[in-house]
Amino acid sequence: MDGKSVAVSLVNVRRYFGEVKAVDNVSLDVYDGEFFSMLGPSGSGKTTCLRLVAGFERASGGQILLHGTDVSGVPPYDRDVNTVFQDYALFPHMTVGDNVAYGLMIKKVPWAEREQRVVEMLELVRLSGMENRKPSQLSGGQRQRVALARALVNRPSVLLLDEPLGALDLKLRQQMQIELKNIQQQVGITFIYVTHDQEEALTMSDRLAVFNHGRIEQVGSPAEVYERPATTFVAGFVGTSNVIDASVARQIVGEAATISIRPEKIHLSAPDALVPPESYSIHGTVQDVVYLGMYTRYLVELETSPRAHLAVMQQNLETTSMDVLTIRGKRVQLIWRRDFTRTLQRTEIVEESGV
Amino acid sequence: MISAPPPLAERRGLLHSISIVLYRFPFLSVIALLLPILLWIGVIYLGSLTAMLTQGFFYLDGFTGRIVREFTLRTYQELLLQQNIDIFLRTIVMAAAVTFTCALLAFPLAYFMARFASGRTKALLYLGVMLPLWSSYLVRIYAWKLILAQEGIIGWLANALGLTGILDAILSIPGIGGPSLSFSIVGVYIVFVYIWLPYMILPINAALERVPKSVIEASGDLGARPGYTFRRIILPLAFPGVVAGSIFTFSLTLGDYIIPGVFGNSSYFIGQAVLVQQGTAGNIPLAAAMTVVPILVMGVYLLGARRLGAFDAL
């Protein structure tokens, strides 16, 4: 990211609500034109961080810089950022057109230009001809687009999005993810996107920050964060991961450190299979088999430490549901490449959210 | 072993049979639910209203003092006498002034309750607004009689602060003044505002509570200063609440006869006139005709309120 100018910079930002440290010493740079996601479970401080940038909350300490200017004491209406709210926050008594034109009215943009920009923006979000509808006459997805248009029409230097797709159903959400990314590339505005959905963050972001307990656990590109999680929390929250205790890790890699390995990186092999060079291997018994259509998930109990389990994901390239179920109870060898193993810093692990 | 359920016929008690009938014919349960309220509205309420309005088409024979039960419009024509027109205008102007004042006083409090107060403060404020409604209307009015009396707390305070001149100036305004606040139209106005204020606070508060915080934040986010947000977002969204509250304050003021009776001077309000006509004067037809005036005024008012979108949010 060298040579790129910084759009938003948080320097040791803190926000306390009484005893609760909602944002606990966060430092972060977001670059110009970047699609940046703040990912974390609810209560991790990501939304508070966004509200601090928007100006809805005042920081308890630290600095917030917009293009190098400290805006800590600047109210929202004087900041060159716009927000897309989780509940869209459309003005219910105004038409779609008036909603979108609202920011331009305040800036006293002349009528003709205003009309033209509103029309263009509604075209961009594919709502042409809906100017005279009221928000209550629109579907959830359409309201979401009006909210986006209302913010983007002001051409802010940074657009803040607070879980904007959270209320939509899965299919629409996936479609809107792609649309949002396309729109961001078209307009070239910096997007800061808050979400608890790791798949969404991985799909859309140029870079993302993983939040936990008001702190940032890791910042990086989706591939970096997924392939090289820095902490046990990131390993568990972004995708699923086998987080292996130091005691068990010593038996596998010969070193007492907390390590992680992604379930899909592990090969489920015959007990006597040859171990390729630069790989780890360990024996175990298949305890559970979950057939998931495209994949099968195996839970393997390790021979050397019977209370430790590794989850293994295998694509059903050659196997059917009948085949995989016969593996239950069999002795197997788990093999994976050494460089897929990550050594983690220990932080709190979240409950795995499905597969 | 699981025992087989008994045959259907054996399980059916009377209530069970009824419930099955209601299940098969859902409109029967709707009728059962609506019947009491329909009877009440249809017979008791509309019936007595019709009986009253019919009275307006009879007339009082001034010579014998008897009511002549013959259809005539002469009683309604009496409404157009200047003395009666004065009563109607006085009452309508009072109702409008009370409504306007209540809205001005209620809005900031309702706004504070909805936006800033939380937890205990909010509960205390709600309690404070509602508490007067739990005590007798008459007790509160007579309490105000003492407050507004010449030697009451307001007179004493004006005296202590050297503002007696201002008080006297207000009381010497012809038409609305009087010997003391407790015997003047100004006093009537003050007590009306006090008595009906909760009916304005609660609907405005309810309307403001329904405005999501994010909508107000969105306005600021789009560049609107607080004053602009207030005019363009908060006020329009709270307006139906103001109109709803004004329906209460306006109609309650139009019909009240106790407060003007206790605090007023010899100039009547509609309620008082009705009371006197049907009581002392024994002129039931004229009393009935007079009650038509507030009904018509409220009809026009409600139509206007509907045009302003007061019922859209219901």
Residue order, fewest to most beta carbons within 10 Å, for B:V188, A:V119, A:V219: A:V119, A:V219, B:V188
Charge dipole (the protein assembly as shown, unit charges on Cβ, about Cα centre) - positive-most of B:I87, B:I31, B:L237: B:I87
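Let me know the mean shielding of A:89-96 by other chains, meaning the per-residue number of their Cβ atoms within 10 Å of its Cβ.
Working: counts 9, 4, 8, 9, 9, 3, 0, 0.
Mean shielding by partner chains, rounded to a whole number: 5.
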Binned Cα-Cα distances of the protein assembly as shown, short to long, each 10 Å bin given as a whole percent: 3, 11, 15, 15, 14, 14, 12, 8, 5, 3, 1, 0, 0
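Stokes-Einstein at 37 °C, 0.692 mPa s, Kirkwood radius from Cα pairs: D for chain B in µm² s⁻¹? All intermediate terms of the calculation are to be shown ahead of the outcome.
Numbers: Rh = 23.9 Å.
Roughly 137 µm²/s, to the nearest whole number.
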Fewest-first sequence of A:K4, A:K181 by Cβ atoms within 10 Å of each Cβ: A:K4, A:K181
Positive-end residue, chain A charge dipole about Cα centroid, Cβ charges, pick of A:I282, A:G293, A:V8: A:V8
Note, ³J(HN,Hα) from phi for the range B:114-130, Karplus 6.51, -1.76, 1.60, rounded to Hz, x at Gly and Pro: 7, 9, 10, 5, 8, x, 4, 4, 5, 4, 5, 5, 4, 4, x, 6, 7
For A:252-261, mean number of other protein chain Cβ atoms within 10 Å: 0
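Translational diffusion coefficient, Stokes-Einstein: compute it for the range A:34-83 using the Kirkwood radius over C-alpha pairs as Rh, at 37 °C and 0.692 mPa s, and state it as an integer in µm² s⁻¹. Please list the in-between numbers first.
Working: Rh = 11.7 Å.
Translational diffusion coefficient: 281 µm²/s.
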Spatially close lysines, pair count over the range A:6-237: Cα under 28 Å, gap of eight or more or interchain: 9
Whole-number percent relative contact order across chain B, with pairs defined as alpha carbons under 8 Å at least 6 apart: 24 percent
Paired Rg and Dmax values of the range A:108-236, which use every Cα atom, in angstrom: 16.9, 55
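When averaged across all projection directions, what area in nm² does the alpha-carbon convex hull of the range A:222-271 cover? Numbers along the way, then the final one.
Details: hull surface 15.7 nm².
Average of the hull's projected areas for the range A:222-271 equals 3.9 nm².
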Dipole magnitude of the range B:164-291 about its Cα centre (Cβ charges: Lys, Arg +1; Asp, Glu -1), debye to nearest 20: 300 debye
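What order, most packed first, do the peptides A:204-214, A:184-194 have when packing is the mean number of other Cβ atoms within 10 Å of each residue? Numbers along the way, then the final one.
Details: A:204-214: 22.6, A:184-194: 19.4.
Those peptides, ordered most packed to least, come out A:204-214, A:184-194.
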Along principal axes, Cα extents of the range A:6-237, largest first, whole Å: 51, 40, 30
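Could you list B:T164, A:T47, B:T64 in order of exposure, starting from the residue whose Cβ has the fewest other Cβ atoms within 10 Å?
Exposure proxy ranking, most exposed first: B:T64, B:T164, A:T47.
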Peptide B:209-219 - average C-beta neighbours from other chains (10 Å radius): 6
P(r) tail fraction, the range A:1-106 - alpha-carbon pairs more than 16 Å apart, %: 63 percent
Centroid-to-centroid separation of the range B:14-31 and the range A:194-273 [C-alpha atoms, Å]: 60 Å
Debye, to nearest 20: dipole size of the range B:64-128, +1 on Lys, Arg Cβ, -1 on Asp, Glu Cβ: 320 debye
For the range A:92-133, Kirkwood radius (reciprocal of mean inverse C-alpha pair distance, Å): 10.2 Å
Amide H contacts of A:F211 (H built 1.01 Å from N, under 5 Å, at least 5 apart or other chain): A:L39, A:G40, A:E217
Convex hull volume per residue in cubic angstrom - Cα atoms of the range B:262-304: 79 Å³
Alpha-carbon centroids, the range A:88-135 and the range A:15-77: separation in whole Å: 28 Å
Hz values of 3J(HN,Hα) by residue in the range B:204-214 - Karplus curve (6.51, -1.76, 1.60), Gly and Pro given as x: 5, 4, 4, 5, 5, 4, 7, 7, x, 4, 5
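Using packing as a proxy for protection, rank A:278-287, B:191-200 so that the peptide with the highest average count of other Cβ atoms within 10 Å comes first.
Working: A:278-287: 16.6, B:191-200: 23.0.
Most protected by this proxy first, the peptides run B:191-200, A:278-287.
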Highest-MSF residue in chain B out of B:M52, B:M290, B:M94 [GNM, Cα springs under 10 Å]: B:M52
Max mean-square fluctuation residue, GNM over chain A, Cα-Cα springs under 10 Å, options A:G254, A:G140, A:G97: A:G254
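Determine Rg/Rh for the range A:242-343; Rg is computed over alpha-carbon atoms and Rh is the Kirkwood hydrodynamic estimate from the same atoms. Numbers along the way, then the final one.
Numbers: Rg = 13.1 Å, Rh = 13.7 Å.
Rounded to two decimals, Rg over Rh is 0.95.
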Relative packing of A:124-134, A:332-342, which averages over residues the other C-beta atoms within 10 Å, highest first: A:332-342, A:124-134
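Every read-out reported here was derived from the displayed coordinates using simple, explicitly stated rules and does not represent laboratory data. Since the structure is predicted, the reported quantities are computational estimates derived from the model, not experimental observations. So basically every Cβ, Gly included, is an ideal-geometry build from the backbone, and we count neighbours across all protein chains shown.
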